[in-house]
Amino acid sequence: MSTTDKPRVERRGSLLKKSSNLDRPKVSNVDVEVDDDDGHHMKGSTVWKPKTKLACTYRMGPMRKFLPHVVKSKAQKILDKALTNLTYDHDNCREVADKVSTDIKAFLKEQVFDRYRYVVRVIIGEKKGQAVKVVGRALWDQEKDNFLTVTHENRHLYAVAMMFAVYFE
(Lines give C-alpha, C1' and ligand atoms only; values in the text may rest on other atoms or scores of the structure.)
Protein backbone atom coordinates (compact mmCIF):
# COMPACT_ATOMS: atom_id res chain seq x y z
CA MET A 1 0.00 0.00 0.00
CA SER A 2 1.61 3.26 -1.08
CA THR A 3 1.36 6.53 0.81
CA THR A 4 -1.22 7.81 -1.67
CA ASP A 5 -3.58 4.93 -0.88
CA LYS A 6 -3.53 5.46 2.89
CA PRO A 7 -6.38 7.44 4.42
CA ARG A 8 -5.41 10.88 5.58
CA VAL A 9 -6.24 12.23 9.01
CA GLU A 10 -6.87 15.97 9.07
CA ARG A 11 -7.07 18.01 12.21
CA ARG A 12 -9.59 20.79 12.20
CA GLY A 13 -9.92 22.49 15.52
CA SER A 14 -10.46 19.84 18.17
CA LEU A 15 -12.17 17.38 15.74
CA LEU A 16 -10.36 14.71 13.83
CA LYS A 17 -11.72 13.96 10.38
CA LYS A 18 -10.78 10.82 8.53
CA SER A 19 -10.94 11.01 4.73
CA SER A 20 -10.40 8.10 2.42
CA ASN A 21 -10.05 7.68 -1.30
CA LEU A 22 -10.94 3.96 -0.95
CA ASP A 23 -14.72 4.31 -0.80
CA ARG A 24 -16.69 1.32 -2.01
CA PRO A 25 -17.99 1.72 -5.53
CA LYS A 26 -21.73 1.66 -6.11
CA VAL A 27 -21.15 0.13 -9.54
CA SER A 28 -18.11 -1.76 -10.77
CA ASN A 29 -16.80 -3.06 -14.09
CA VAL A 30 -16.29 -6.77 -14.57
CA ASP A 31 -14.29 -8.41 -17.37
CA VAL A 32 -16.16 -11.29 -18.95
CA GLU A 33 -15.47 -13.91 -21.60
CA VAL A 34 -18.54 -15.46 -23.22
CA ASP A 35 -19.17 -18.08 -25.90
CA ASP A 36 -22.44 -17.29 -27.67
CA ASP A 37 -24.80 -19.80 -29.31
CA ASP A 38 -22.97 -19.63 -32.67
CA GLY A 39 -19.61 -20.60 -31.11
CA HIS A 40 -18.07 -17.12 -31.30
CA HIS A 41 -15.79 -16.21 -28.41
CA MET A 42 -16.39 -12.69 -27.11
CA LYS A 43 -14.36 -10.62 -24.65
CA GLY A 44 -15.53 -7.47 -23.04
CA SER A 45 -16.46 -5.53 -20.01
CA THR A 46 -19.83 -5.32 -18.38
CA VAL A 47 -21.23 -3.21 -15.60
CA TRP A 48 -22.17 -5.02 -12.42
CA LYS A 49 -24.90 -3.49 -10.33
CA PRO A 50 -26.07 -4.73 -6.95
CA LYS A 51 -29.49 -6.39 -6.74
CA THR A 52 -32.38 -4.08 -6.09
CA LYS A 53 -34.24 -4.68 -2.88
CA LEU A 54 -37.99 -4.69 -2.55
CA ALA A 55 -39.59 -2.26 -0.17
CA CYS A 56 -40.56 -3.71 3.19
CA THR A 57 -44.27 -3.81 3.98
CA TYR A 58 -43.74 -3.31 7.71
CA ARG A 59 -46.66 -5.64 8.30
CA MET A 60 -46.13 -7.54 11.53
CA GLY A 61 -49.15 -9.83 11.38
CA PRO A 62 -51.32 -11.73 8.92
CA MET A 63 -54.20 -10.10 7.08
CA ARG A 64 -56.28 -13.20 7.85
CA LYS A 65 -55.22 -15.52 10.66
CA PHE A 66 -55.19 -19.29 10.26
CA LEU A 67 -58.50 -20.59 11.58
CA PRO A 68 -58.45 -24.32 12.37
CA HIS A 69 -62.22 -24.68 12.49
CA VAL A 70 -62.46 -23.58 8.85
CA VAL A 71 -60.28 -26.43 7.55
CA LYS A 72 -61.02 -29.14 10.11
CA SER A 73 -63.96 -30.79 8.33
CA LYS A 74 -62.17 -30.99 4.97
CA ALA A 75 -58.98 -32.37 6.56
CA GLN A 76 -61.08 -34.98 8.38
CA LYS A 77 -62.77 -35.97 5.10
CA ILE A 78 -59.39 -36.39 3.35
CA LEU A 79 -58.13 -38.60 6.16
CA ASP A 80 -61.32 -40.67 6.39
CA LYS A 81 -61.53 -41.18 2.62
CA ALA A 82 -57.99 -42.55 2.43
CA LEU A 83 -58.22 -44.84 5.46
CA THR A 84 -61.83 -46.09 5.64
CA ASN A 85 -61.36 -49.67 4.35
CA LEU A 86 -57.60 -49.93 4.80
CA THR A 87 -55.92 -52.73 6.76
CA TYR A 88 -52.49 -52.23 8.27
CA ASP A 89 -49.53 -53.04 6.06
CA HIS A 90 -46.24 -51.33 6.85
CA ASP A 91 -45.18 -50.46 3.29
CA ASN A 92 -48.66 -49.58 2.05
CA CYS A 93 -49.41 -47.37 5.07
CA ARG A 94 -46.21 -45.38 4.51
CA GLU A 95 -47.33 -44.52 0.97
CA VAL A 96 -50.86 -43.70 2.14
CA ALA A 97 -49.49 -41.42 4.89
CA ASP A 98 -47.36 -39.57 2.33
CA LYS A 99 -50.32 -39.15 -0.01
CA VAL A 100 -52.65 -37.95 2.76
CA SER A 101 -50.13 -35.42 4.03
CA THR A 102 -49.57 -34.12 0.49
CA ASP A 103 -53.32 -33.81 -0.12
CA ILE A 104 -53.91 -31.99 3.16
CA LYS A 105 -50.99 -29.64 2.54
CA ALA A 106 -52.28 -28.85 -0.97
CA PHE A 107 -55.71 -28.10 0.48
CA LEU A 108 -54.20 -25.80 3.13
CA LYS A 109 -52.25 -23.90 0.47
CA GLU A 110 -55.47 -23.29 -1.49
CA GLN A 111 -56.96 -21.40 1.45
CA VAL A 112 -56.55 -17.65 1.72
CA PHE A 113 -54.28 -17.54 4.76
CA ASP A 114 -51.43 -15.37 3.50
CA ARG A 115 -47.82 -15.62 4.69
CA TYR A 116 -48.29 -18.97 6.39
CA ARG A 117 -46.05 -21.99 5.96
CA TYR A 118 -47.55 -25.40 6.62
CA VAL A 119 -46.16 -28.56 8.16
CA VAL A 120 -48.35 -31.67 7.92
CA ARG A 121 -47.45 -34.84 9.78
CA VAL A 122 -49.47 -38.05 9.42
CA ILE A 123 -48.83 -41.05 11.65
CA ILE A 124 -50.44 -44.43 10.94
CA GLY A 125 -50.02 -47.36 13.30
CA GLU A 126 -51.33 -50.87 13.78
CA LYS A 127 -54.00 -51.29 16.41
CA LYS A 128 -53.10 -54.06 18.86
CA GLY A 129 -54.66 -52.82 22.11
CA GLN A 130 -51.72 -50.58 23.02
CA ALA A 131 -51.82 -46.98 24.26
CA VAL A 132 -50.22 -44.37 22.04
CA LYS A 133 -49.19 -40.81 22.84
CA VAL A 134 -48.14 -38.45 20.05
CA VAL A 135 -46.33 -35.27 21.08
CA GLY A 136 -44.84 -32.40 19.07
CA ARG A 137 -42.60 -29.50 20.10
CA ALA A 138 -41.66 -26.37 18.23
CA LEU A 139 -40.88 -22.70 18.66
CA TRP A 140 -44.23 -21.02 18.70
CA ASP A 141 -45.80 -17.57 18.48
CA GLN A 142 -49.14 -17.88 20.26
CA GLU A 143 -50.61 -14.80 18.57
CA LYS A 144 -50.00 -15.83 14.94
CA ASP A 145 -49.25 -19.57 14.75
CA ASN A 146 -51.85 -22.29 15.14
CA PHE A 147 -52.37 -26.03 14.71
CA LEU A 148 -55.03 -28.63 14.08
CA THR A 149 -55.18 -32.34 14.84
CA VAL A 150 -57.59 -34.86 13.30
CA THR A 151 -57.76 -38.58 14.00
CA HIS A 152 -59.14 -41.69 12.35
CA GLU A 153 -59.59 -45.15 13.77
CA ASN A 154 -60.89 -48.45 12.46
CA ARG A 155 -60.54 -52.11 13.53
CA HIS A 156 -57.05 -52.51 12.10
CA LEU A 157 -55.29 -49.17 12.48
CA TYR A 158 -55.25 -45.67 13.92
CA ALA A 159 -54.11 -42.45 12.27
CA VAL A 160 -53.25 -39.01 13.58
CA ALA A 161 -52.82 -36.03 11.24
CA MET A 162 -51.26 -32.89 12.69
CA MET A 163 -51.25 -29.64 10.74
CA PHE A 164 -49.10 -26.71 11.86
CA ALA A 165 -49.58 -23.25 10.39
CA VAL A 166 -46.54 -21.06 11.11
CA TYR A 167 -46.64 -17.36 10.22
CA PHE A 168 -43.73 -16.31 8.01
CA GLU A 169 -42.83 -12.61 8.18
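The values are calculated or read from the model by the stated rules, or taken from the named source; none is laboratory data. For clarity, every value in this text was computed on a predicted model and none was experimentally measured. Cβ sites come from the backbone with ideal geometry, for glycine too, and all protein chains shown count toward neighbours.
Condition (residue is on the phi < 0 side of the Ramachandran plot, aromatic (Phe, Trp, Tyr) and touching a Lys or Arg at 6+ places or on another chain (Cβ under 7 Å)) applied to region 82-101: is it met by at least one residue? No, because not a single residue in region 82-101 is on the phi < 0 side of the Ramachandran plot, aromatic (Phe, Trp, Tyr) and touching a Lys or Arg at 6+ places or on another chain (Cβ under 7 Å). Residues in region 107-128 that are surrounded by fewer than 11 Cβ atoms within 10 Å (Cβ to Cβ) and modelled with pLDDT under 85: Val112 only.
Within region 135-155, the set of residues being of a type in the set (Val, Ile, Thr) and over 30 Å from Gly61 (Cβ atoms) comprises Thr151 only.
Restricting attention to region 56-77 and to residues that are more than 16 Å from Asp114 (Cβ to Cβ) and among the basic types (Lys, Arg), the residue that is surrounded by the fewest Cβ atoms within 10 Å (Cβ to Cβ) turns out to be Lys77.
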